[in-house]
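See structure below.
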Amino acid sequence: MYPKRFQDNGLSKYSYTTRILVKCPRCSALAQIVTADLHKISSDRKLVCTHCGLNKLKSSPGYGFSYKPVDPFFGELLWLQVNCCGKTLWFFNYEHMFKVKSYVEASLRENLRFSHGWSNRSMVSRLPNWVKSAKNRNNVLKAISNLEKSGKISLS
Ligand SMILES: [Zn+2]
């Protein structure tokens, strides 16, 4: 059997913020923060809730990354978060979650070499050590699978 491989695509954390799943500040249902222009990282962001109709716009917001499980633009609670190892594991969206999952699952981790050298800015290379730690692997995977099974995947 071949070991499970993971190849880092070098995408930074910012690449995963074009669509963020949050808890609607008005009705607590699943809402989304989307960007109008996928090619512009700092374009206007909209918080849209199809449940209660909330539609909030922020013009060219800056990033406010924090250690709290909130989105970097509106500061709303992230939809995908779960307790794990005494901390909170959180994701901007499912793509982000599945990328971290495949990273944690893999026993063989490869970095891609970029023209400017080895990338240390990619989202996975910047994961907290407790997420990368082999001793937490099973707990992290279990937490992600609980999140997957919690019925929260209801996005069209
Ligand atoms: Zn709402």
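Please treat every number below as a calculation from the coordinates, not as lab data. Given the structure is predicted, the values throughout are model-derived calculations rather than measurements. Because the Cβ atoms are built from the backbone with ideal geometry, glycine has one as well, and the counts that use them run over all protein chains shown.
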Length gained if LYS87 through SER28 is fully extended, taking 0.36 nm per residue and subtracting the Cα-Cα distance, is 19.0 nm
Per 0.36 nm of contour for each residue apart, how much would the distance between VAL48 and GLU105 grow if the chain were fully extended, relative to their Cα-Cα spacing? 17.2 nm
With a Förster distance of 22 angstrom and the Cβ-Cβ distance between GLN7 and ALA134, calculated FRET efficiency to the nearest 0.05 equals 0.70
Modelled FRET efficiency - R0 35 Å, TYR63 with LEU141, Cβ distances, 0.05 increments: 0.75
Can you tell me the convex hull volume per residue for the range 5-149, based on C-alpha atoms, in Å³ to the nearest whole number? 117
